[in-house]
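Where a number appears in this text, it was derived from the coordinates with a stated rule and is not lab data. Just so it is clear, the structure is predicted and the values come from calculations on it, not from any experiment. Counting neighbours? That spans all protein chains shown, and the Cβs are built from the backbone with ideal geometry, glycine included.
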Amino acid sequence: MSASARRRGLWLLLIPMLLWIGLLFVLPHLKLFYLSFISRRGGEFTLANYLYFFQNPLYRKIFVRTAVFSTLVTLLTLFISFPIAFIITKVAGKSLKAMLLLAVILPYWVSELIQAFTWMVIFRESGVLSYLLQRLGIVNQPIEFLYHDTTIAIGLIYTSLLFMTIPIMNSLETLDDSLIEAAYDLGGNFWSTLREVIIPHAGPGIMVGSIMTFMLNLGNYVTVTLLGGKNSLWFTEIIYNQFIIRFNQNKGSAFSVILLTFSVVFVWIVLKITKQDLSEAM
Amino acid sequence: MSQEIDVALVNVTKKFGNMTAVDNVSFEIPKGSFFSILGPSGSGKTTLLRMIAGFEVPTSGDIYIGGQRVNDVPPNKRPCNMVFQRLALFPMMNVLDNVTFGLRRRGGMSKAEMERLAKDALARVGLQGLEKRKINQLSGGQQQRVALARSLVLEPTVLLLDEPLGSLDLKLRQSMKLELKHLQARTGTTFVYITHDQTIALAMSDTVAVINHGRIEQIAPPEELYRRPATHFVASFVGENNKLTNGRVTNFRQDDVVEVDIAGIPMAGRAGEKLAIGDPADLFIRPEMITLRLGKHDDGILGKVSEINFDGSHSLVIVDLPEAKQPVSVNVKIQHTENAPDVHVGDTVTISWSPDAANAFHPVDQSHIETEV
């Protein structure tokens, strides 16, 4: 086969992926970008859609809240996932390992929507938790656990736990146990070994997991809306409202572009600060 | 002579479930000596070393380091450091940070002081100027040295080495072997080296403990181990040996010299353990201890050369014994000196040896032991 024929073959194999990315990712985003600079009535170029966001303190606050909340939830997810990943890869025996892994994966066999409904069954006023507390005599009237920030956080952590745990597990899997033993042998303790040996090694995995979790949180709609209700004040809801309730595609597009730009810039800054290379991390 | 003891094991046993990895082992390692633990894989030597390091806790028995019982002391508090089989250098740090890792854990020292000590240690192993290198930029031999420096900089009472030369190629292993021995002599640190490679153990050690199935077979200086094996296992595991089997003790020439009948031919050897007339016995004779003469002589055993393998400084001559009732052949190593016999395949020869050069033992089940020569 000649080199040019081989190259043609390669392109042929790439076509499905290029179509996928082009038609479902690049084109819609170009359209989104275009719409965000167009006025709704006249169809001429305008910055009004963006100005509307920056001049409206409510939207700004919701945006900041979404960003901060997502970051905090990502950190919490990391703190919960890391020990899980460590136990599965380094501590557990073979059978326990399989069991724990299954316990982490199993919730993802149902959709996010069902997951959220399950949490609602547990947390609502007439739900399992409220009922249990009453039966145990801890409280004497039903309590509404839904529509709090804590509930939203629990739901978000639950939906993204796997996406944090698996990359960290992958990176810990390649950590030679004798490195941990060597650190102890040289006088290290739990914290110094964690700080100087384990975390630096797991760094890329932590980064990938955090990026995925952060993106999932930032762009989450189902869990946040169902568990947070009107109190959720999530930016994706604002975008949804512009598109679906107000039929304002242009403002919705502008808001989407803002969210997208923010998440890309934020991830880039975090990568710079932690001195991680994206290609290396991925 | 009272000698200071750095490491002492007293009746140490380690069980993993039903499996006994180390079985009632006791020994003492004098300060400043090079002590090797030699055994085939699965003999329990790694478990033994990991117990001294503190990564495993003995099921019973006591371990003392520098006179202190350390059974309950975690590895990070023991005055010993380990050089791991796969070295376990920290790839996320450069050479200097690897070497100062232990010093940083210890604290109470300025950064400059730590760097000075680390550079000293690196100089001692011949690695000046490579402080800023990444671990993966070093060759195998250099990594070996970093691992040594990282442990030695802490000035441990005992340095434990888990076969760290195993991964090197032959040439490098030979030179590192000598270097390690010189390093040990220079620092005066007690080295405990575990290996399955007897050439390393014999060449470097002051004392070698041979271990098999979790039990100590013999603890002796290399030369004694080679000349006076205490057990059947040591005789077959250490060095090349002719093993003549299915013999029977027929006579005592002296208190400790027996005559063993091998396929109808009486052969003399030292009784390696307590033997009685009529006992079944195997006889071990070192190939280089056998004298080979051309022609038929009365004071030896008649043989016929069936094969000659030239190996540079010496040749391995395989001699069949025509007088034997069953086929028996003996390997004889002859040095190529000026008056070496000029043997050819098919020659009639006479072989003989001093009874002192052969060792007789009760036969044991050998299914698990690698065959020799």
Around A:Glu173 (Cβ within 12 Å, Cβ-to-Cβ, excluding A:Glu173; K/R +1, D/E -1) the net charge comes to 0
Note on the protein assembly as shown, DSSP bridge orientation, antiparallel percent to nearest 5 equals 75 percent
Least to most buried among B:Thr348, B:Thr337 (fewest other Cβ within 10 Å first) = B:Thr337, B:Thr348
Cα-centre dipole for chain B with unit charges at Cβ (Lys and Arg positive, Asp and Glu negative), debye to 20 | 2040 debye
If contacts are Cα pairs under 8 angstrom and at least 6 residues apart, what is the relative contact order of the range B:240-361 in percent?
-> 32 percent
According to the Cα gyration tensor, what semi-axes, each the square root of 5 times an eigenvalue, does the equivalent ellipsoid of the range A:10-145 have, listed from largest to smallest in whole Å?
-> 41, 30, 16
Whole-percent tail of the Cα-Cα distance distribution for chain A, cut at 37 Å, equals 30 percent
Sort out for me the Cα centre separation of the range A:12-84 from the range B:56-105, rounded to whole Å.
-> 52 Å
Spin-label model distance (nm) - A:Val270 vs B:Glu323, 7 Å beyond Cα toward Cβ = 8.8 nm
Could you list the residues of the range B:5-26 with an amide nitrogen less than 12 Å from a label point located 7 Å from the Cα of B:Arg69 in the Cα-to-C-beta direction?
-> B:10
In terms of modelled amide H atoms, which long-range or inter-chain residues lie less than 5 Å from the amide H of B:Asp6?
-> B:Ile29, B:Lys31
Unit charges at the beta carbon, dipole of the range A:73-219: most positive-side option, A:Gly127, A:Leu172, A:Gly93 | A:Gly127
Whole-Hz Karplus ³J(HN,Hα) for the range A:87-95, in order, using 6.51 cos²θ - 1.76 cosθ + 1.60 and θ = phi - 60°, x for Gly and Pro?
-> 5, 5, 7, 10, 9, 5, x, 4, 6
Set the Förster radius R0 to 45 Å, insert the Cβ-Cβ distance between B:Arg116 and B:Glu224 as r into 1/(1 + (r/R0)^6), and round the FRET efficiency to 0.05.
-> 0.55
In range of the label at A:Arg40: residues from the range A:59-86 whose backbone nitrogen is under 18 Å from the point 7 Å along Cα→Cβ = A:59-60
Would you kindly derive the ³J(HN,Hα) couplings of the range A:264-275 from the backbone phi angles with the Karplus curve 6.51 cos²θ - 1.76 cosθ + 1.60 (θ = phi - 60°), listing them in order in whole Hz, with x for Gly and Pro?
-> 5, 5, 4, 4, 4, 5, 4, 4, 5, 5, 7, 6
Distance in nm between pseudo-label sites at B:Arg248 and B:Ala276 (7 Å out along the Cβ direction from Cα) | 1.6 nm
Considering only A:Ile38, A:Ile180, A:Ile138, give the residue with the highest GNM mean-square fluctuation for chain A, with springs between Cα atoms whenever their separation is below 10 Å.
-> A:Ile138
Rounded to 0.05, the calculated FRET efficiency for the beta carbons of A:Ile245 and A:Glu173 at R₀ = 56 Å is 0.75
Work out the P(r) tail for the range A:66-233: percent of alpha carbon pairs separated by more than 19 Å, whole number.
-> 62 percent
What is the order of A:Trp11, A:Trp119, fewest Cβ neighbours within 10 Å to most?
-> A:Trp11, A:Trp119
First select every other residue whose beta carbon is under 15 angstrom from the beta carbon of B:Leu159; then total the charges, Lys and Arg +1, Asp and Glu -1.
-> +1
When the Kirkwood radius is taken over all Cα pairs of the range B:149-215, what Stokes-Einstein diffusion coefficient follows at 10 °C and 1.306 mPa s, in µm²/s?
-> 124 µm²/s
Mean shadow area of the protein assembly as shown, taken as a quarter of the surface of its Cα convex hull (nm²) = 48.9 nm²
Segment A:Val64-A:Tyr52, extension gain: residue separation times 0.36 nm, minus the distance between their alpha carbons = 2.7 nm
By the Kirkwood definition, with r running over pairs of different Cα atoms, the range B:240-361 has a hydrodynamic radius in Å of 14.6 Å
Likely footprinting exposure, A:Leu58, A:Leu133, B:Leu275, fewest C-beta neighbours within 10 Å first | A:Leu58, A:Leu133, B:Leu275
At what distance in nm do the modelled label points of B:Phe16 and B:Arg104 sit from each other, each positioned 7 Å from its Cα along Cα→Cβ?
-> 3.3 nm
Modelled FRET efficiency - R0 30 Å, A:Leu113 with A:Phe25, Cβ distances, 0.05 increments = 0.80
Can you pull the Kirkwood radius for the range B:82-159, inverse mean 1/r over Cα pairs, to one decimal in Å?
-> 12.3 Å
So, for the Cα atoms of the range B:5-232, Rg and Dmax in Å stand at 17.5, 56
Helix B:140-152: inclination vs chain B longest Cα principal axis, degrees, rounded to 10, gives 60 degrees
Chain A, dipole about Cα centre (Lys/Arg Cβ +1, Asp/Glu Cβ -1), debye to the nearest 20 | 1040 debye
Quick one: net charge of B:Ser313's neighbours, Cβ under 12 Å, K/R +1, D/E -1?
-> -1
Beta bridges by DSSP in the range B:5-232, antiparallel share as percent, to the nearest 5 = 55 percent
